[in-house]
């Protein structure tokens with residue numbers, strides 16, 4: 001009976017699979033590119049890496065426009081809001097080398113971040129680094145989350161000690177507040193600069209006008225020419241009265257006495273003296289000068305000119321002072337300040353480094369790398 005008739009089909013005996021060189025290289029590559037990196041990373045993360053503690057703080061820059069009393073009476077309420085431009089400046093400032101250097105001088109950041117370098121070289125700062133190295137490391141330890149639309153800034157500050165993380169976070173808030181205050185001062189100075197220049201010019205003009213008045217009084221020995229003029233007018237009126245009285249007395253003497261009466265000569269001499277004095281007093285009001293001084297027309301004209309200059313300088317000073325006060329009040333109403341809506345606090349447990357996440361990422365990338373290399377190897381082998 002044949003095999004077909006008996007129902008038995010022909011078959012081929014297959015031997016046991018043998019391990020070939022490519023299989024060994026596949027196992028070795030799996031160990032080198034996957035197991036070894038994952039195990040090394042796991043040992044480093046869980047046995048060597050130092051715990052890191054985070055302190056979170058969040059704030060924004062507020063710009064408040066406080067209305068004046070007139071605005072309030074007019075129904076305009078106080079307005080305040082977040083300033084995105086100031087928040088942009090603050091966002092750049094927190095990442096700047098300037099802030100890192102200032103905090104390093106205050107808190108000795110280099111020592112705090114590098115003292116564990118001998119044990120945890122990957123997550124610590126290398127000792128003896130430059131300020132550029134410290135600034136680059138700062139970006140790893142201080143994470144900034146910034147919403148440009150609302151102007152909100154949130155910081156996550158990490159350190160190897162919870163109290164140090166809290167101290168660094170508070171220092172960032174303090175220096176940021178000082179920077180905002182400097183912006184306030186600069187804005188206030190810009191707003192009042194021209195008004196201050198006008199005020200200084202008005203003060204100098206007022207000083208010059210007053211100095212001219214003082215020099216005039218020292219030269220003429222007259223405090224108030226108007227009052228002095230009234231006094232001189234009183235003297236002249238008195239002399240004229242005496243002159244009229246002397247004329248009447250002379251007429252009476254001529255009618256009652258002889259022509260050679262000594263009293264007539266005496267009366268005539270008295271009239272002549274009074275008349276000469278009246279002439280001299282009148283010359284003081286004319287264009288001619290008398291011996292030892294200036295005429296009153298010149299003196300009063302000069303005094304009125306100086307007085308007009310003084311009044312103009314005073315009015316200019318008052319206007320400049322009012323403008324300066326108004327500019328200061330306007331600048332003070334528009335103030336900006338740092339408003340912290342989430343204050344920093346000390347962490348109670350370590351959350352960083354994120355060991356599980358980092359280990360998972362290393363495992364995924366290592367497996368992908370091993371898979372790609374294996375596929376590439378077999379693709380090249382099959383084509384060869």
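Rule-based calculations on the coordinates, nothing more; no lab input. All figures in this text were calculated on a predicted structure; none of them were measured in a lab.
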- Query: How compact and how long is the range 119-202, expressed as Rg and Dmax of its alpha-carbon atoms in Å?
  - Reply: 19.9, 70
- Message: Averaging over every viewing direction, what projected area does the convex hull of the Cα atoms of the range 163-217 cover, in nm²?
- Response: 5.6 nm²
- Note on the structure: In whole angstrom, the spacing between the Cα centers of the range 343-384 and the range 300-317 equals 87 Å
- Rounded to the nearest Å, the spacing of the alpha-carbon centers of the range 233-273 and the range 131-186 is 103 Å
